[in-house]
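The values are calculated or read from the model by the stated rules, or taken from the named source; none is laboratory data. Source: prediction; values computed, not measured. Here the Cβ is made from the backbone with ideal geometry for all residues, glycine too, and neighbour counts use every protein chain on show. Each accessible area value is taken on the protein alone, full model and side chains, heavy atoms only, with ligands, DNA and RNA left out. Shrake-Rupley method; radii C 1.70, N 1.55, O 1.52, S 1.80 Å.
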Amino acid sequence: MKQEELAKEINRLRKERNAVILAHNYQRGEIQDIADHTGDSLGLSQIAAESDADVIVFCGVHFMAESAAILAPQKTVLLPNRDAGCPMADMVTAEKLREKKKELNGIPIVCYVNSSAEVKAECDICCTSANVVAVANSLPGDSVYMVPDMNLARYAATESTKKVDYWKGFCPTHQLVTEEDVAKARADNPGAPVIVHPECRPEVFALADEVRSTSGILKFASETSATKIIVGTELGILHRLEKENPGKEFILLSKNLVCPNMKITTLEDLHDALAEMKHVVTVEEPILSRAKLTLDRMLAIPRD
Ligand code: CIZ
Ligand code: SF4
């Protein structure tokens, strides 16, 4: 089918199924354009929970569809491409975390939203890159333990009042950004602010002007008077940045900022997901209730 025909069929099926299509900020442009909502994983999961649609099609990666299934258990959640995973989320398992917990003497455990439902079920509270500092500061005691992203944890350590210990996972895409990339981007674009995601290495975020989540980057871009902005997160965000900010120019900090898992979902996959109601993502009890508690504790903390 041609792209136009696919889009037409997707629109027809979306009505027929009473479905809502959600696209993460890192998805391909054509997926973002056809979606009902674009956003970060948490924002989209909250939309999923509040929507009166029967079917949620989550164009993102597996842990995001799981979060939607946890927050909207009565709805059918579909992940259009079942191979869309997150290598960082896969760097910790519930079993390995249970082993680690024995050494932690009850220190509160914060899991990044980029984790499986099983891992969330083992943790005290969840966080996203938008609220990691507020979440850490909200916890009792002077120490926290964070899984699975060591870079996000080290960012929280510099910005929060807590001592932070962490699991040594990372995002293979953001990990590729180097200090040299920052130096080169600054030299090529004098005066342009550098804004990076906290999944970048500490050596990189220390050199940036701003460190923000994708929603924070979108907000910064719309508010800044700068007309050229250097962006240190996954390529897909440029689509929305350019669409929402005509007249401003966005430079990707490194050509390596492309997540293969975020690019794997195509319009064909989206069409087939709606046509064949696949691939259904479910979270079973008792994981569901325990992971929901971890997410609900985070949701009780105001977003910035
Ligand atoms: O939480 C998300 O959606 C991710 C993975 C990135 C971000 O900063 O929004
Ligand atoms: Fe996972 Fe990194 Fe891809 Fe996000 S960009 S889905 S953290 S591998």
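Taking into account only those residues within the range 167-197 that are surrounded by 16 or more Cβ atoms within 10 Å (Cβ to Cβ) and without any contact (Cβ under 8 Å) to a residue 60 or more places away in the chain, which is nearest to ligand 2 (Cβ to nearest atom)?
Across the range 167-197, the extreme among qualifying residues is Gln175.
Here are Ala68, Ala7: which of them is touching a residue at least 40 places away in the same chain (Cβ under 8 Å) and within 13 Å of the chain's Cα centre (by Cα)?
Ala68
Has the range 20-34 got at least one residue that is within 28 Å of Ser129 (Cα to Cα), surrounded by 15 or more Cβ atoms within 10 Å (Cβ to Cβ), within 16 Å of ligand 2 (Cβ to nearest atom) and of a type in the set (Asp, Glu)?
Scanning the range 20-34, I find no residue that is within 28 Å of Ser129 (Cα to Cα), surrounded by 15 or more Cβ atoms within 10 Å (Cβ to Cβ), within 16 Å of ligand 2 (Cβ to nearest atom) and of a type in the set (Asp, Glu), so the answer is no.
Given the options Ala300, Ala291, name the one that is closer than 17 Å to Cys126 by Cβ, buried (at least 21 other Cβ atoms within 10 Å of the Cβ) and more than 15 Å from ligand 1 (Cβ to nearest atom).
When all the criteria are applied, what remains is Ala291.
From Cys200, Cys127, grab the single residue that is open to solvent by less than 10 Å² (accessible area, probe 1.4 Å) and either away from ligand 2 (no atom under 16 Å from the Cβ) or in contact with a His (Cβ under 6 Å, 6 or more places away or on another chain) (or both).
Criteria check complete, one pass: Cys200.
Among the residues of the range 242-276, write down those that are touching a strand residue (DSSP E or B) at 6+ places or on another chain (Cβ under 7 Å), surrounded by fewer than 21 Cβ atoms within 10 Å (Cβ to Cβ) and of a type outside the set (Asp, Glu).
Lys248, Phe250, Ile251, Leu252
Pairs under 9 Å by beta carbon, first residue touching a residue at least 60 places away in the same chain (Cβ under 8 Å) in the range 136-158, partner acidic (Asp, Glu), six or more apart or different chains?
Pro148/Asp90; Asp149/Glu199
Check off (1) of a type outside the set (Lys, Arg); (2) under 30 Å from Asp124 (Cβ atoms); (3) away from ligand 2 (no atom under 16 Å from the Cβ) for Glu223 and give me the number that stays unchecked.
It is condition (2) that Glu223 fails.
So which residues in the range 170-209 are among the acidic types (Asp, Glu) and more than 18 Å from the chain's Cα centre (by Cα)?
Glu179, Glu180, Asp181, Asp188, Glu203, Asp209
Check whether at least one residue in the range 148-157 is in the same structural domain as Lys120 (by TED's automatic domain parsing), under 21 Å from Lys255 (Cα atoms) and either within 16 Å of ligand 1 (Cβ to nearest atom) or at pLDDT 95 or above (or both), and report yes or no.
Yes, the conditions are met somewhere in the range 148-157.
Give the residues of the range 171-193 that are more than 16 Å from ligand 1 (Cβ to nearest atom) and β-branched (Val, Ile, Thr), sorted by residue number.
Selection gives Thr178, Val182.
Has the range 289-298 got at least one residue that is within 26 Å of Ser116 (Cβ to Cβ) and within 16 Å of ligand 2 (Cβ to nearest atom)?
No, every residue in the range 289-298 fails to be within 26 Å of Ser116 (Cβ to Cβ) and within 16 Å of ligand 2 (Cβ to nearest atom).
What number of residues within the range 245-282 satisfy the criterion of being under 19 Å from Glu199 (Cβ atoms), more than 16 Å from ligand 2 (Cβ to nearest atom) and of a type outside the set (Phe, Trp, Tyr)?
Number satisfying all stated conditions: 1.
Residue by residue through the range 223-254, note down the ones that are assigned to a helix (DSSP H, G or I) and more than 16 Å from ligand 1 (Cβ to nearest atom).
Glu223, Glu242, Lys243
Please give the number of the condition Leu6 fails out of (1) within 19 Å of Ala117 (Cβ to Cβ); (2) part of a helix (DSSP H, G or I); (3) hydrophobic (A, V, I, L, M, F, W, C).
(1)
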